[in-house]
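One structure below.
The values are calculated or read from the model by the stated rules, or taken from the named source; none is laboratory data. All values reported here derive from a predicted model rather than from experimental measurement. In this analysis, Cβ positions are derived from the backbone assuming ideal geometry, glycine residues included, and neighbour counts consider all displayed protein chains. Calculation scope for accessible area: heavy atoms of the full protein, side chains included, ligands and nucleic acids excluded. Shrake-Rupley method; radii C 1.70, N 1.55, O 1.52, S 1.80 Å.
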Amino acid sequence: MLGCAQLALDRGQPSEAAELADRYLRRFPDPSRIERSAGLELTIRALARLGEHERATEALGQLREIAAQARTHPLLAAVSSSEGTLAAARGDHDAARRSFEDALDLLAASDARFEAARVRLDLAATLSALGRHDRARREIEAALACFQELGADGESARSEAMLGKLRRTRATLPAEAMDTPLGGLSNRELEVLSLVAEGLTNHDIAQRLVLSEHTVNRHVANILRKLGLPSRAAAASLAGRHGLA
């Protein structure tokens with residue numbers, strides 16, 4: 001059941017993933033059961049994708065209680081990784097970076113190579129959001145090498161797709177536009193704006209940048225506020241005039 005939930009999440013179906021994870025958790029009503037940890041971790045990821053941060057925070061609290069009792073490196077890593085997932089969904093990418101790094105350190109001590117490689121991909125997405133594209137690329141490449149060695153073809157394909165997206169979505173603001181309102185946008189906002197200017201919907205942008213649609217909605221709203229513009233069409237026009245599109 002958890003495998004089906006993970007597949008649903010990988011297919012971009014967080015609602016189905018959340019339902020399957022909840023169905024699994026109902027098998028273990030005792031909140032202290034360690035078997036709940038994997039279901040809670042998936043629940044947090046699915047709810048974060050859906051923008052249901054309050055419910056995700058509640059699930060994170062339950063996962064923390066289990067980890068505090070067991071005190072194993074993998075469970076503590078699951079907590080750190082889940083904290084990173086929720087922080088990233090809320091737009092606090094620096095906090096997410098620290099949490100994912102902590103999770104990697106804990107997994108290294110457990111020799112959990114597959115799980116560590118998956119966290120590297122989460123860390124890479126966060127680094128990309130912070131504009132640290134070179135390190136993001138290195139993290140993806142390290143994850144890809146691990147997946148290939150383990151024969152994890154599905155995760156290898158996901159890593160290669162992320163590398164491709166990273167190359168395609170790096171937005172560079174022309175020097176002559178630095179003193180325009182566009183110069184006040186973050187690297188991630190420039191990436192989102194460049195895709196808006198290409199005519200992509202928020203759903204399409206979320207898929208391209210490996211973000212939740214809720215996060216993209218917030219980025220677009222922030223872009224319009226910072227630029228003082230009434231619509232995405234006006235923002236796209238401005239981006240085109242300054243060579244961003």
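Structural remarks
- Computed from label points 7 Å out along Cα-Cβ, the spacing between S15 and A108 is 4.1 nm.
- The modelled label-to-label distance for the pair A157/R225, using points 7 Å beyond Cα in the direction of Cβ, is 3.9 nm.
- D_trans [Stokes-Einstein, Kirkwood Rh over alpha-carbon pairs] for segment 20-78, 37 °C, 0.692 mPa s, µm² s⁻¹: 289
- Residues considered: A88, A21, A157. Largest GNM mean-square fluctuation over the chain, using C-alpha springs under 10 Å, is found at A157.
- For segment 1-78, the relative contact order is 27 percent, taking Cα pairs closer than 8 Å that sit 6 or more residues apart in sequence and dividing their mean separation by the residue count.
- Within a Gaussian network of the chain (alpha carbon springs, distance under 10 Å), most fluctuating of G154, G131, G51: G154
- Subtracting the Cα-Cα distance of Q207 and R26 from their residue separation scaled by 0.36 nm leaves 62.1 nm.
- Alpha carbon Rg of segment 1-147, scaled by the compact-globule rule 2.2 N^0.38 Å: 0.99
- Choice from L42, L60, L227 showing the highest fluctuation, given a GNM over the chain with Cα pairs closer than 10 Å: L227
- Carbon/sulfur fraction of accessible area - the chain, other protein chains in place, 1.4 Å, %: 48
- The loop-placed trypsin sites (Lys or Arg not before Pro) in segment 63-133, going by DSSP, that have at most 14 neighbouring Cβ atoms within 10 Å of their Cβ come out as R71.
- Accessible surface, the chain, averaged per residue in Å² (probe 1.4 Å): 48
- Largest first and in whole Å, the equivalent-ellipsoid semi-axes of segment 98-242 read 33, 14, 13, each the square root of five times a Cα gyration tensor eigenvalue.
- Summed over qualifying helices (DSSP H, 4 residues or more, each -39500 (n - 2.57)) and divided by its residue number, the chain shows a 222 nm mean residue ellipticity of -24500 deg cm²/dmol.
- Dimensions (Å) - the chain, Cα atoms, principal axes, largest first: 58, 36, 27
- Normalised by the number of residues in the chain, the average gap of Cα pairs under 8 Å and 6 or more apart makes the relative contact order 13 percent.
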